[in-house]
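Some notes on the structure that comes next.
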Amino acid sequence: MSGTVRLAAPAGSPEVRQAESGKGAIEIQGFDFWYGRNHVLHDITASVPPRAITAFIGPSGCGKSTLLRSINRMNDLVPDARHTGDIEVFGRSVYAPGTDLVELRRRVGMVFQRPNPFPKSIFDNVAYGPRINGLCPANELPARVEKALRQAALWEEVRDRLHQPGTSLSGGQQQRLCIARALANDPEILLLDEPCSALDPIATQRIEELLVELKEQYTIVIVTHNLQQAARIADYTAFLYLGTLIEFAPSHDLFTRPRDPRTEAYITGRFG
Amino acid sequence: MARYRRTRSVALGDRVFHAALWICAASIPLLLLAIVLELAVTAWPAITRFGWGFLVSTAWDPVTDTYGALPMIVGTAVSSLLALLIAVPLALGVAIFLTEFAPLWMREPIARLVELLAAIPSVVYGLWGIFVLIPLLREYAVPLLQRAFGWTPLFAGTFYGNSMLAAGIILAIMILPYISAVAREVLLAVPNDQREAALAMGATRWEAVWTAVLPYGKAGLMGAVVLGLGRALGETMAVTMVIGNRHEIGLSLLQPGYTMAAAIANEFAEAVTELHLAALFEIGLILFAITVAVNAAARLLVWRVARASAAGSRAL
Ligand SMILES: Nc1ncnc2c1ncn2[C@@H]1O[C@H](COP(=O)(O)OP(=O)(O)OP(=O)(O)O)[C@@H](O)[C@H]1O
Ligand SMILES: [Mg+2]
């Protein structure tokens, strides 16, 4: 893909039609979220289509990370957090009692806003998921690790130092390591929270190419502050503002013909 | 630059204050040095008389004035290691439970309660050992141990009460609060994003603890253990009360033994000859060297972790 701005998935493309007809890979239904008394998400309803890239955009603090982390239930760890409403992944409620969190989180991979590699070797970082989930026999691990590192555009830089600690990498390399770690787990949905915020333009472009490639098989949700990036790679874009979902539409429509004046104000840079 | 000139009185006060601080800071190492010198000077007759042989001889006879420290050195090592063997799993279990699994409301109260164990005076532990622990051991634990492991030399012989086993258990209870408090601080200092990274990959809570949290805090946890060891090595009163105070090296944990600290405390008042006194001082010197080395190692380990996070510095 070239580095120029390109609007993905014009209305009427296969992904859009599929979304309009069928159910989304992720169905967010009347979802409200509180950190203690702080009501940060208000009645969010959205359907994230399968095998497409969906971008969450919006000003800082509007709840993008919170919404993303609600999908694989990472917010369970936060004391005093609570929610109402529901989120379904592949037709199954993730908040239903008896949900297998291990299975959910294996299928829904996540890359966090801040890189968080383990203080283990680069190899062991990427092999972490396959090992704990028993995804492949030990002798296939090296191939799997290499594949994930290649996908994350990190292989060339680390192929000679796989046994050095992952924490010795630069910030941008650490973020790609975290992407590789998530990919090695063979997820079906990939949630990425500003994965490119610490990357240079070349690494960013590589990751974008990767995501566009991956959407053939995976459902991808990406939080980004980079509107060009959303316009370039996302098939759909959701605009959140103060915890409310203002607009959710095919990216082409949202960026060229926003329906809500607040969306228009945001994408034209008048606030946020 | 005239505007920045200080008045003379301020400069003087400054200098006095500066000097006072220097004296305070310098007095600590000087005090340490003084202790070492004092120990070495008083121990000198024993050092010249027995040489390195002091460390490996088992003789301890005030009548013929021959002394060897091996039984005490071995006793200190065995009782401390036994204490670690019992206390480390418990203390780490407590720390892991309190940082990772316990409901939030009970974490602080229980942590304080465990730390309260450290506030109980040593002599009270000793009394408890004599009147509660030893009878319990005699009635229940030792018969069971002997039935299961009586064939090993570790649990052979008759149990009279005062023993290495009783000392090890008492020591374990005494060092448990130290190890668990430091281990808890270390685990608290492990960044939450490490837990999140593991859980987001599909780890269970336990797997996250085993594969992410504990490895991250490994050095600090080792520091906690070594800190516990340092305390066990020097603990005197409670051990003296339950270990039996016999200058012998026995394989059996059911037999009485001796530790360096207990020997010093016990025999000091009765030391009549200069050489007896010197031998006790030399034991003090050895104990001092060992505990300083162990504590330095512990600080180093904990410090290495604490450096990485501000929260961890509280662990010191
Ligand atoms: N762990 C937490 N505990 C309490 N409040 C939180 C927590 N995490 C986020 N918040 C609050 O929730 C609101 C939404 O935060 P969130 O991180 O979802 O925003 P965001 O859209 O991802 O912002 P950014 O673009 O800066 O990453 C903010 O007001 C924030 O202060
Ligand atoms: Mg965020």
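Laboratory data are not the source of any read-out in this text; all were calculated from the coordinates shown. This is a predicted model, so every value here is computed, not measured. Note: ideal-geometry Cβ built from the backbone for every residue, glycine included; neighbour counts use all protein chains shown.
Max-minus-min Cα coordinates of segment B:1-102 on each principal axis give 75, 56, 20 Å, with the largest extent listed first. Just so you know, the Rg over Rh for segment A:117-183 is 0.92, from Cα atoms, with Rh as the Kirkwood radius.
Among the residues of B:211-220, the average count of other protein chain beta-carbon atoms within 10 Å of the residue beta-carbon is 2. Using the Kirkwood radius over Cα pairs, work out the Stokes-Einstein diffusion coefficient for segment A:137-272 at 37 °C and 0.692 mPa s, in µm²/s as a whole number. The calculation lands on 200 µm²/s.
Can you tell me what share of the DSSP beta bridges in the protein assembly as shown is antiparallel? A percent to the nearest 5 is fine.
Values: 26 of 45 bridges.
In the protein assembly as shown, approximately 60 percent of DSSP beta bridges are antiparallel ones.
Dipole magnitude for the protein assembly as shown: about 1140 debye, using +1 per Lys or Arg Cβ and -1 per Asp or Glu Cβ, origin at the Cα centre.
Specify, per residue and in Å³, the volume enclosed by the convex hull of the alpha carbon atoms belonging to segment B:92-165.
Enclosed volume per residue, from the Cα hull, is 137 Å³.
At 10 °C and 1.306 mPa s, what whole-number value in µm²/s does Stokes-Einstein give for the translational diffusion of the protein assembly as shown, with Rh from the Kirkwood sum over Cα pairs? D = 55 µm²/s. Dipole size of segment A:135-198 about its Cα centre, with +1 on Lys/Arg Cβ and -1 on Asp/Glu Cβ: approximately 160 debye, rounded to the nearest 20.
Using a 10 Å cut-off around each Cβ, can you sort B:M72, B:M237, B:M164, B:M106 from fewest to most neighbouring Cβ atoms? Let's see the in-between values first.
Details: B:M72 24, B:M237 16, B:M164 27, B:M106 12.
With the fewest neighbours first, B:M72, B:M237, B:M164, B:M106 line up as B:M106, B:M237, B:M72, B:M164.
Its residues counted as N, segment A:14-267 yields a C-alpha radius of gyration over 2.2 N^0.38 Å of 0.99.
Descending by average beta-carbon neighbour count within 10 Å, the peptides A:201-210, B:279-288, B:107-116 line up as B:279-288, A:201-210, B:107-116, the highest first. The alpha-carbon of A:K23 sits under 28 angstrom from the alpha-carbons of these lysines, leaving out residues fewer than 8 places away in its chain: A:K64, A:K215.
The alpha carbon convex hull volume per residue for segment B:196-313 rounds to 150 Å³. Excluding A:F31 itself, what net charge comes from residues whose Cβ is under 14 Å from its Cβ, given Lys and Arg +1 and Asp and Glu -1? That works out to -1.
Please label the shape of segment A:202-272 as rounded, prolate or oblate, based on the square roots a ≥ b ≥ c of the eigenvalues of the alpha-carbon gyration tensor (a/c under 1.5 means rounded; beyond that, a/b larger than b/c means prolate, else oblate). Judged from the Cα gyration tensor, segment A:202-272 comes out prolate (a/c at least 1.5, a/b above b/c). Of all complete DSSP H helices in chain B, those with a Cα span along the helix axis of 15 Å or greater and a mean Kyte-Doolittle hydropathy of 1.0 or more are B:8-50, B:70-96, B:164-188, B:218-234, B:274-306. Note on segment B:53-308: the C-alpha convex hull projects to 16.1 nm² when averaged across all orientations. The charge dipole of chain B, taken about the Cα centre with unit charges on the Cβ atoms of Lys, Arg (+1) and Asp, Glu (-1), comes to about 1380 debye, rounded to the nearest 20. Think of segment A:21-178 as having a plus end and a minus end, set by charges on the Cβ of Lys, Arg, Asp and Glu; of A:A52, A:L162, A:L104, A:L162 sits farthest toward the positive end of this dipole.
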